[in-house]
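Colleague: Got a structure for you, written out below as structure tokens; questions coming shortly.
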Amino acid sequence: MDVTYTGDLHIAFHHTMEDVSVALGRAISQSLDDKKGVVRYVSADLPMDGTLTRAALDVLGRPFLVFWAEFLRDKAGEMDTELFREFFRLMK
């Protein structure tokens with residue numbers, strides 16, 4: 001997925017992360033339409049590059065987040081890694 005964002009990037013990535021997260025959450029919700037034929041829960045475990053990633057989603061409107069991640073660096077490119085938790089928390 002490619003996301004193009006224009007806005008206040010010169011001020012802080014925090015607003016960018018919030019805006020993109022909310023927009024993506026709304027787009028996913030709208031794409032599910034009336035949810036007919038949609039399986040409510042889905043989960044996946046993915047071992048990759050020395051890590052184990054697990055994701056479980058409930059797509060019927062009960063937002064909850066458990067985010068266990070340790071970053072070896074404070075930034076990914078120019079973005080603060082602490083913002084990634086906020087990204088997933090806000091996407092509902």
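The values are calculated or read from the model by the stated rules, or taken from the named source; none is laboratory data. Note that this is a predicted model, so its numbers are computed, not measured. In this analysis, Cβ positions are derived from the backbone assuming ideal geometry, glycine residues included, and neighbour counts consider all displayed protein chains.
Colleague: Mind telling me which of the residues A44, A56 ends up being small (G, A, S) and modelled with pLDDT under 90?
Modeller: A56
Colleague: Can you tell me how many residues in the range 63-86 are in a strand (DSSP E or B) and of a type in the set (A, V, I, L, M, F, W, C)?
Modeller: So in the range 63-86, the residues in a strand (DSSP E or B) come out as 75-76, 79-80.
With of a type in the set (A, V, I, L, M, F, W, C) added as a condition, the list becomes 76, 79.
Of the residues in that region, 2 qualify.
Colleague: Next question, about the same structure. Quick check: is even one residue across the range 5-21 surrounded by 10 or more Cβ atoms within 10 Å (Cβ to Cβ), of a type in the set (D, E), in contact with a helix residue (DSSP H, G or I) (Cβ under 6 Å, 6 or more places away or on another chain) and free of Cβ contacts under 8 Å to residues at least 60 places away in the same chain?
Modeller: Checked the range 5-21: at least one residue is surrounded by 10 or more Cβ atoms within 10 Å (Cβ to Cβ), of a type in the set (D, E), in contact with a helix residue (DSSP H, G or I) (Cβ under 6 Å, 6 or more places away or on another chain) and free of Cβ contacts under 8 Å to residues at least 60 places away in the same chain.
Colleague: Could you check the range 26-52 and list, in sequence order, the residues that are surrounded by 10 or more Cβ atoms within 10 Å (Cβ to Cβ) and either more than 21 Å from A69 (Cα to Cα) or charged (D, E, K, R) (or both)?
Modeller: R26, A27, I28, S29, L32, K35, V38, R40
Colleague: Quickly run through the range 57-86 and pick out the residues that are among the acidic types (D, E), surrounded by fewer than 11 Cβ atoms within 10 Å (Cβ to Cβ) and touching a residue at least 12 places away in the same chain (Cβ under 8 Å).
Modeller: The one that is among the acidic types (D, E), surrounded by fewer than 11 Cβ atoms within 10 Å (Cβ to Cβ) and touching a residue at least 12 places away in the same chain (Cβ under 8 Å): E78.
Colleague: Go through the range 29-62 residue by residue and tally those that are farther than 16 Å from K92 by Cβ, not in a strand (DSSP E or B) and not hydrophobic (A, V, I, L, M, F, W, C).
Modeller: The number of residues fulfilling the criteria is 6.
Colleague: Search the range 1-22 for residues being of a type in the set (D, E, K, R) and assigned to a loop (DSSP other than H, G, I, E, B), and hand back the single one that is nearest to E82 (Cα to Cα).
Modeller: If we filter the range 1-22 for residues that are of a type in the set (D, E, K, R), which is where we start, we get 2, 8, 18-19.
Next, from what is left, pick out any that are assigned to a loop (DSSP other than H, G, I, E, B): 2, 8.
Working: D2: 21, D8: 19 Å.
By that ranking, first place goes to D8.
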